[in-house]
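Reading through the structure tokens given below for one structure.
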Amino acid sequence: MLDLRRHYDVAIFATGANSTRRLGIPGENLPGVFAAADFVSWYNGHPNATIERFALTAKQAVVIGNGNVALDVARMLVNPRETLLQTDVPQHVLELLVESPIEDVHIVGRRGPLQAKFTTKEIVELGKLDDVDVIVDPCVLRVTESELKQAAPPTARMVAALRTLGSLPRGRARRIHFTFFRRPVAVVGHLGAESVLLEATEGDNDHSKTDRPPREVVDAGLVLTSVGYRAEPLPGLPFDPATATVPHTNGWVFDGDDTRPAVYVAGWLKRGPTGVIGTNRRDSLETVNALLLKAADFPRALERNPGAVVAMLRERGVEVVPWDGWNAIDSAEEARGESLGRARVKIHRLDELLQVGSQRATE
Ligand code: NAP
């Protein structure tokens, strides 16, 4: 914080929520069980991805959770080659995904369709996947008209979209299954995940529950837990452990210490891991508008020279990628894409990113 004070008038923290929640069930540590967030980091080519290579050898996968991240990972698992070619995922990721023998992906929610956190747009996208059937739990058809009327309009639209998906013709090579009112009790397997034991939960509006055994086993050599994210405390900033957010007023962080630079927060660190891109846009506008209202009152930084920051970091052995280095990475990724017939291919490894980013910067 002292370094920020020296060089900046204001600091906005928008570091997100990077920790993942755990299920706390037996078998969660077996090989083949991963946090969906780690899978997302891997296929997005994040340089700090904790897993370098996913062994995508399973024919059956289970995704636990009913949010948009669960949809993202399910879609990624079944995407055909032609669709993957249009993305910028690293080439080794693309090859593993293309070779994956996956046939069935079960998305499992502990509550019902009316409580699912999917958004309509993301549900509709699933219907456009080539060579993929979407099989929807019969309980979706049992949602009554009056329940739909009472639901928030976005939820009612999302459930209607799920129903539409369930009515599409079937018979394709890969399947996404939506399973509601089930909670995972254990991941079962010897050397790795082989299946997930699910237990029926209360709440289905079909009280006869004839199609719902109390317990069932779903085969799965790959289990992705997609049950939400959590921010971690940052040194020097207040933190509310109950909400895992930084307390603020319209983005302004104040805990009685006015010697620090003016500090603001935006995004998931500010309001928790919810919302789509538009929500984050509105959220950052609130922060920036609050900042501009007060900007004239803030004490000025002692040394307002951007070059001094880079020099200070380099002195401390930090490998800095300045703007021209970022541009060098951008061009290298485009060139890599061109050579492989794709618009862009991400560079995955941190050492390679730093090497490419330092070339132009030192030229
Ligand atoms: P999320 O929307 O909060 O969904 C988390 C899911 O995990 C919920 O269905 C929750 O069920 C379930 N869950 C939590 N604990 C559980 C447990 N112990 N056992 C079983 N299920 C459990 O979180 P997310 O999917 O990580 O998404 C985070 C945010 O990013 C969301 O706002 C999402 O919309 C956004 N996002 C947007 C996009 C996009 O716009 N395309 C893409 C990805 C993510 P309960 O409701 O029962 O707690």
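The values are calculated or read from the model by the stated rules, or taken from the named source; none is laboratory data. None of these values were measured; they are calculated from a predicted model. Neighbour counts are summed over all protein chains in view; Cβ atoms, including those assigned to glycine, are modelled from backbone coordinates with ideal geometry.
Points to keep in mind about this one:
- Applying the criterion of being buried (at least 20 other Cβ atoms within 10 Å of the Cβ) and closer than 14 Å to residue 72 by Cα to the residues of region 114-125, the residue that is nearest to the ligand (Cβ to nearest atom) is 118.
- Within this structure, residue 287 fails the test of being within 16 Å of the ligand (Cβ to nearest atom), among the polar types (S, T, N, Q) and within 24 Å of residue 230 (Cα to Cα).
- Out of 147, 202, 216, 194, one residue alone is modelled with pLDDT of 90 or more, within 16 Å of the ligand (Cβ to nearest atom) and charged (D, E, K, R). It is 216.
- Cross-chain or 6+ apart pairs with Cβ under 8 Å, region 58-69 first and on the phi > 0 side of the Ramachandran plot, then β-branched (Val, Ile, Thr) and assigned to a loop (DSSP other than H, G, I, E, B): 65/227
For (1) surrounded by fewer than 18 Cβ atoms within 10 Å (Cβ to Cβ); (2) touching a Leu at 6+ places or on another chain (Cβ under 6 Å), each residue gets a yes or a no:
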position: 112; (1), (2): no, no
position: 127; (1), (2): yes, yes
position: 132; (1), (2): no, no
position: 161; (1), (2): no, no
position: 164; (1), (2): yes, no
position: 191; (1), (2): yes, no
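- Those strands (runs of 3 or more DSSP E) lying entirely in region 1-107 with at least 3 residues more than 26 Å from residue 345 (Cα to Cα), among the aliphatic types (A, V, I, L, M) and outside the structural domain of residue 251 (by TED's automatic domain parsing): 60-64
- Number of the condition not met by residue 37 [criteria: (1) under 17 Å from residue 89 (Cα atoms); (2) more than 10 Å from the ligand (Cβ to nearest atom)]: (2)
- Subset of region 95-136 [free of Cβ contacts under 8 Å to residues at least 24 places away in the same chain and hydrophobic (A, V, I, L, M, F, W, C)]: 98
- Filter result for residue 186 (out of contact with any Asp or Glu (no Cβ under 9 Å at 6 or more places or on another chain) and either within 16 Å of the ligand (Cβ to nearest atom) or of a type outside the set (A, V, I, L, M, F, W, C) (or both)): no
- Residues within region 333-356 that are over 26 Å from the mean Cα position of the chain (by Cα), assigned to a helix (DSSP H, G or I) and not hydroxyl-bearing (Ser, Thr, Tyr), tallied: 4
- When region 237-262 is limited to residues that are touching an Asp or Glu at 6+ places or on another chain (Cβ under 9 Å) and under 27 Å from residue 304 (Cα atoms), the one that is modelled with the lowest pLDDT turns out to be 261.
Listed here are the residues, each with its yes/no results for (1) in contact with a strand residue (DSSP E or B) (Cβ under 9 Å, 6 or more places away or on another chain); (2) more than 15 Å from the ligand (Cβ to nearest atom).
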site	(1), (2)
23	yes, no
52	no, yes
58	yes, yes
91	no, yes
96	no, yes
99	no, yes
104	yes, yes
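- Selection count, region 62-78, where residues are within 16 Å of the ligand (Cβ to nearest atom) and either modelled with pLDDT under 95 or aliphatic (A, V, I, L, M) (or both): 10
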